[in-house]
Amino acid sequence: MRVYLKTILTVTALFFIGACGAQSATELAWRKVALNNSVLLTLPHGKVVIELAPQFAPKHVSQFRELTKQGFYDGTKFYRVIDGFVAQAGPKDGSKKDQSVALLAMEAEFKVTENWTYTPVQNQDLFAEHTGFKDSFALAYKKAKNTHESKAWLTHCPGTLAMARNNEADSASSHFYFVIGQAPRYLDGIMSIFGRVVYGMQHIQAIQRTAVIEGDDAVDPSRFTQIMSMQLMSDVAKVDQIHLEVENTEATAFAERLVKRRDRDNDFFYKKPPPVLDVCQIPIRSRLIN
């Protein structure tokens, strides 16, 4: 795997030099989050920015965008929040608001072409043949003998945004959840992931838990964390917009970071761990820009 990554570094570097001319490595290492592709979630204790993934789940993103523009989520609460698992929000089950939203067909997996590319991380982890990154989103990949049957899917890493559903595959509508604990990768491929947190994850982690340990008092619904507002960033007043850049996972710098992270070439590691790299333990960096 290491040889493959280093080959990618060389090829990528040559491409960047030829295609981008005088652009510096620093510029190539980051990309802007488009305002029309991000959402500002305001909680009582802070602001969160979500980057959407229409390239992977277009119908879910489209419906989520439309509901957000309508103010659908304003005032709703996180009603299912389990420590080490997820924080789930949406209108009251069975309410007119809940029933007014169309059901969505599953968008958990997507087919990939022969020329499809991604930045590889690991072969043969516990859940997939291959893992890696595409457009700063963690994913898994399965290559089929018939190339047109190869497929990929986004993974449930911390900060992932996905749509909740009932037992039926095509039953998602408006309820959504964030992954707030260890990656529940067993949900990969059966839930539609359509975004991720790129700013304010500490505020997601601070959402009131609704599940308690056995013997403790139940959490009163009045204490559930409320969504103060949810807006497309492009609809937010300019003075309040949050402009971000995120790590470009297609850049040479990112591939180099993967190699270093796998090698653990640091004096702290007086005993070397196995050269294994979990795709969900590679945080994608973000930074504020003017």
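Descriptive notes on the structure:
- Lone qualifier among Ala144, Ala164 - being surrounded by fewer than 19 Cβ atoms within 10 Å (Cβ to Cβ) and farther than 22 Å from Thr119 by Cβ: Ala164
- Selection status of Ile204, assigned to a loop (DSSP other than H, G, I, E, B), modelled with pLDDT of 95 or more and either touching a Pro at 6+ places or on another chain (Cβ under 7 Å) or within 29 Å of Asp135 (Cβ to Cβ) (or both): no
- Among the residues of segment 200-227, the one identified as hydrophobic (A, V, I, L, M, F, W, C), in contact (Cβ under 8 Å) with a residue 24 or more places away in the chain and exposed (fewer than 14 other Cβ atoms within 10 Å of the Cβ) is Ala211.
- When Asn115, Asn123, Asn146 are checked against the criterion of being within 25 Å of Glu256 (Cα to Cα) and either in contact with a Pro (Cβ under 6 Å, 6 or more places away or on another chain) or free of Cβ contacts under 8 Å to residues at least 60 places away in the same chain (or both), a single residue qualifies: Asn115.
- Taking the numbered list (1) buried (at least 17 other Cβ atoms within 10 Å of the Cβ); (2) more than 27 Å from Gln231 (Cβ to Cβ) in turn, Asp83 passes all entries but (1).
- Where Gln122 falls short, out of the listed (1) in contact with a Lys or Arg (Cβ under 9 Å, 6 or more places away or on another chain); (2) within 25 Å of Ala169 (Cα to Cα); (3) assigned to a strand (DSSP E or B): (2)
- Close pairs from segment 91-104: first more than 9 Å from Ser173 (Cα to Cα), partner among the basic types (Lys, Arg), Cβ under 6 Å, at least 6 apart: Pro91/Lys97
- Close pairs from segment 167-194: first under 17 Å from Ala53 (Cα atoms) and acidic (Asp, Glu), partner at pLDDT 95 or above and part of a loop (DSSP other than H, G, I, E, B), Cβ under 7 Å, at least 6 apart: Asp188/Thr155; Asp188/His156
- Residues of segment 154-190 that are assigned to a loop (DSSP other than H, G, I, E, B) and within 11 Å of the chain's Cα centre (by Cα): Thr155, His156, Cys157, Pro158, Gly159.
- Across segment 128-153, the qualifying residues are those that are assigned to a loop (DSSP other than H, G, I, E, B) and hydrophobic (A, V, I, L, M, F, W, C), and the one among them that is farthest from Met191 (Cα to Cα) is Ala144.
The values are calculated or read from the model by the stated rules, or taken from the named source; none is laboratory data. These numbers were taken from a predicted model, which means no experiment stands behind them. FYI the Cβ positions are ideal-geometry reconstructions off the backbone, even for glycines, and counts take in every protein chain you see.
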